[in-house]
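Report on the following structure.
Here, each number is a calculation from the coordinates, and none is a lab measurement. For clarity, every value in this text was computed on a predicted model and none was experimentally measured. Every residue, glycine as well, gets a Cβ built from its backbone with ideal geometry; the counts of neighbours run over all protein chains shown.
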Amino acid sequence: MLTHLEKSLIKKEETFCSNTYHPLPVVLKKGKGVFVWDIHNKKYFDFLSAYSAVNQGHCNKKILNTFIKQAKKLTLTSRAFYNNELGSSLEYITEVFGYEKMLPMNSGAEAVEAAIKICRKWGYEIKKVKTDMAKILVCNGNFHGRTTTVVSFSSHHGSKEHFGPLTGGFEIIAYNNVSALQRKLESDKNIVGFLVEPIQGEGGVVVPDDGYLKKCKSLCEKHNVLLIADEIQTGVCRTGKLLASHHDDIKPDLVILGKALSGGFYPVSGVLTSKEIMSVMKVGQHGSTFGGNPLACVVAKEAVKYSVEKKLSERANNLGIIFRNYLDALVDEIPIMKSVRGKGLLNAIVLDCSEESEIPWNICLDMRDNGLIAKPTQGNKIRFAPPLVITEKQLQKALKIIENSLRKF
């Protein structure tokens with residue numbers, strides 16, 4: 001049961017904030033590593049990680065110290081002037097990820113919009129598609145944000161209703177279906193890009209077949225189409241590789257990063273690509289007052305550096321195997337469990353109930369009561385994505401909480 005104080009704080013948030021979220025009823029005030037605490041100092045395992053934005057753990061000390069040091073010196077100049085951190089930050093990040101250029105932005109949705117603009121402009125100026133005829137392919141089940149453009153091709157119909165007129169220039173094809181991509185590319189010369197999530201996180205942690213992205217990249221190269229990988233949720237070690245695209249040993253033409261690029265401290269996102277592709281963007285054609293500010297630069301650099309030096313990819317890969325093996329062993333004996341899927345430490349349990357059922361929500365409430373917070377996605381799936389700094393001992397304890405809650409239903 002919620003206390004009077006919790007009800008009061010929840011009521012205040014609902015009164016003065018837009019009703020665009022349906023939070024789990026827990027009021028948090030503190031975080032450290034893999035844990036968060038509520039206003040009554042009850043401790044929880046955080047198995048959402050702010051949608052994978054805190055891969056490096058809550059209030060990571062190294063990133064925090066870097067943040068404080070820079071915040072005392074200079075936080076914002078705008079891009080009207082040079083600053084002493086942007087160049088070195090982008091030099092490090094592009095080198096780590098294997099690209100030549102990065103367009104820095106703030107939110108993931110902004111980075112998606114930037115990638116769309118870059119791709120379209122490349123289509124007109126390099127591929128020579130006729131003006132206003134460029135098309136970008138996307139997949140069903142996608143989630144790339146909630147801007148006016150992005151909801152136009154969203155698979156979630158609630159995102160579109162009464163937000164029209166919708167933006168044209170996009171076509172939806174089946175996810176994890178190479179033949180669907182091939183048919184489109186062979187029949188339409190106006191396609192300039194294929195925007196895809198290596199794993200559909202918000203879509204319910206949908207993992208494509210091994211080799212799917214590799215075959216897609218080959219087709220895109222054959223038809224002179226840019227492969228755009230949305231790695232906002234899957235990037236920065238979450239799936240057991242630096243990028244989820246690396247599981248198929250490919251290098252997308254454009255990579256969109258966000259979330260964990262911030263270390264959970266400050267909104268940072270960006271688009272990585274080659275000099276040739278980025279060269280289509282000219283002065284005044286894209287920008288952001290806060291994009292590339294000194295504070296964001298040092299945070300992003302330290303967040304990536306920490307992830308690499310602490311080998312978070314390897315940790316996510318090894319612990320992800322333990323996580324799925326543990327839960328897979330329960331599928332046959334717990335009727336509500338249908339399947340377990342994921343890569344690294346981005347995983348989901350698919351429950352044997354309808355998408356309208358209250359069971360997933362009630363399981364999450366029970367886990368909350370026992371010290372672990374997670375949330376359903378796409379109705380009958382529960383996503384589990386703890387900070388990548390979690391230890392095996394902590395993971396085993398969390399798994400017992402998950403198991404006990406599942407057994408009750």
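Each peptide in 168-175, 194-201, 219-226 gets a packing score, the mean of other Cβ atoms within 10 Å over its residues, and the list from highest to lowest is 194-201, 219-226, 168-175. Here the ratio of the Cα radius of gyration of segment 135-196 to 2.2 N^0.38 Å is 1.12. Bridging of K12 to lysines at a Cα separation below 16 Å is possible for K29, once same-chain residues fewer than 8 apart are set aside.
Applying 1/(1 + (r/R0)^6) with r as the Cβ-Cβ distance of I359 and N65 and R0 = 41 angstrom yields a FRET efficiency of 0.40.
Projecting the Cα atoms of F409, P165, I336 onto the dipole axis of the chain, where Lys and Arg carry +1 and Asp and Glu carry -1 at the beta carbon, places P165 farthest toward the positive end.
Helix 312-328 and the longest principal axis of the Cα set of the chain meet at an angle near 50°. The H on the amide N of T377, modeled in the peptide plane, is under 5 Å from the matching H of I382, R383, each at least 5 residues off or on a different chain. Of all DSSP beta bridges confined to segment 134-216, the antiparallel ones make up roughly 10%. Selection among S313, T148, T234 by position relative to the dipole of the chain gives S313 as farthest towards the positive end (Cβ unit charges, Cα centre). Anything over 29 Å Cα to Cα? Flag those among K30/K393; K128/K251; K117/K338; K30/K160; K101/K215, in the order listed. Pairs exceeding the cut-off: K117/K338; K30/K160.
Rounded to the nearest 500, the 222 nm mean residue ellipticity of the chain from helices alone is -11000 deg cm²/dmol, with -39,500 (n - 2.57) taken per DSSP H run of at least 4 residues. For the pair segment 137-160 and segment 14-63, the centres of their Cα atoms are 26 angstrom apart.
What whole-number distance in Å separates the alpha-carbon centres of segment 64-99 and segment 266-318? Computed from Cα coordinates, the inter-centre distance equals 10 Å.
GNM remark for the chain: springs join alpha carbons under 10 Å apart, and the peak mean-square fluctuation among G108, G158, G31 falls on G158. Once divided by 2.2 N^0.38 Å, the Cα radius of gyration of segment 61-309 becomes 0.99. Between helix 294-309 and the chain there is an angle of about 70 degrees, using the helix long axis and the longest principal axis of the Cα atoms.
Note that segment 167-178 has calculated 3J(HN,Hα) couplings of 7, x, x, 10, 10, 9, 10, 5, 7, 6, 9, 5 Hz, one per residue in order, obtained from phi through the Karplus relation 6.51 cos²θ - 1.76 cosθ + 1.60 (θ = phi - 60°); glycine and proline are x. Taking 1.306 mPa s as the viscosity and 10 °C as the temperature, the Stokes-Einstein diffusion coefficient of segment 1-99 based on its alpha-carbon Kirkwood radius rounds to 93 µm²/s.
By DSSP, the beta bridges lying fully in segment 61-309 are antiparallel in about 40 percent of cases. Rounded to the nearest 20, the size of the Cβ-charge dipole of the chain about its Cα centre is 1040 debye, with Lys and Arg at +1 and Asp and Glu at -1.
Please determine, in degrees from 0 to 90 and to the nearest 10, the orientation of helix 61-71 with respect to the longest principal axis defined by the Cα atoms of the chain, where the helix direction is its Cα long axis. Compared with the principal axis, the helix lies near 50 degrees. Within the same chain, aspartates and glutamates fewer than 8 places from K282 are excluded, and of the rest, those with a Cα less than 17 Å from its Cα are E100, E113, E125.
Cross-link pairs exceeding 27 Å in C-alpha to C-alpha distance, out of K43/K301; K61/K214; K259/K343, comprise K43/K301; K61/K214.
Annotation: aspartates and glutamates with alpha-carbon distance below 14 angstrom to K400 (same-chain offsets under eight excluded): D328, D366, D369, E392.
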